[in-house]
1. Give me the extension gain from residue 225 to residue 267: residue separation times 0.36 nm, minus the current Cα-Cα distance, reported in nm with one decimal.
2. How much mean residue ellipticity at 222 nm does the chain get from its helices, if each DSSP H run of length 4 or more adds -39500 (n - 2.57) and you divide by all residues, to the nearest 500 deg cm²/dmol?
3. In the Gaussian network model of the chain, springs joining C-alpha atoms below 10 Å, which of 361, 300, 279 carries the largest mean-square fluctuation?
4. Does segment 268-312 come out rounded, prolate or oblate by the C-alpha gyration tensor, with a ≥ b ≥ c the root eigenvalues, rounded set by a/c under 1.5 and, if not, prolate when a/b is larger than b/c and oblate if not?
5. Return a whole-number percent for the relative contact order of the chain, with Cα pairs under 8 Å and 6 or more residues apart as the contact set.
6. What residue among 277, 356, 170 shows peak mean-square fluctuation when the chain is described by a Gaussian network model with Cα springs under 10 Å?
7. What ranking do 128, 95 get, fewest neighbouring Cβ atoms within 10 angstrom at the top?
8. Ordered by packing density, taken as the mean number of other Cβ atoms within 10 Å over each peptide's residues, highest first, how do 57-65, 221-229 rank?
């Protein structure tokens, strides 16, 4: 089946130009200070976290879990300005959220500190883990080129190698750290930008080269090689997040005539998720000692929206911070005033969930049943010998 995205592809190119101008201004004006008042407590109770079951967590991904790696590179994909971080203790950090990300919540549940960005990690901080994620990054090296600077997955893996060298030099060599690396958790969340900032962009050739099924296969072939690299570097416990209902994000909703989810986009990403599940099964069979688990982000989204009232959500189709239709035509701008009732919003901006959603998903991933994490959940994976 061939998909046609002429209508869906026009706006991101305009958005990139606007962001180029605004991020240039923001880079000159924004100073990150401590907030004048303490932020509210986490919106989801994370009590019940268990300490000491993994030595560290290493994180690879895109803007959904980036915590500042793009801050100091020439990139238009940045979130180191207010109101990003409005509910984070310390203000804007580079997280594309009002507060904590999903991996922040998982770190807390594991009894780990918040994992530092690779660009900022120093000294013994790296011993508890490093976050290599980068906004606009993808599985494919060309993905996100419309935002200029970003750190693709291949480069994130290279940065992990650099961390290993640093730790080994302090700890008596690679052999001495092998056991700790094998017991550590590797969280990988890639693929969103390979659609939003590659396949769906009019200046990329990929949708003329591949149909939906072929593209999903192409991505997962590259993904398999990259995850195998991490295995060869010593990783054994892997959490791989699938793609969510991307046709329901405010940016895509704003491009439709009726404000409804784009089933065209939702169907487009299905082959990727299907192939990732098959990949995980194959890697578990073929890589001795490895355990890969899959997080069904799309199912989590569907469960949350189906039970929105019980979770306290009232707004499912608009960004809390943004401009235009569905507050998704222009994403959150420097010094824009966001919605005051952030815990009632599913989305923070045109692309990313609020802290509340992130922490709900973290808890589901950590202790959920087989509908959201399989073949086991993160707690069970972390507890394996």
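1. Values: separation 42, 0.36 × 42 = 15.12 nm, distance 2.50 nm.
That works out to 12.6 nm of additional length.
2. -12000 deg cm²/dmol
3. Most flexible of the set in this elastic network: 279.
4. The shape class here is oblate.
5. After rounding, I find 19 percent.
6. 170
7. So the residues, fewest neighbours to most, are 128, 95.
8. On the way: 57-65: 27.1, 221-229: 17.4.
Most protected by this proxy first, the peptides run 57-65, 221-229.
Here, each number is a calculation from the coordinates, and none is a lab measurement. Quick caveat, the model's predicted, so the values are computed rather than measured. Glycine gets a Cβ as well: all are built from the backbone with ideal geometry, and neighbour counts include every protein chain shown.
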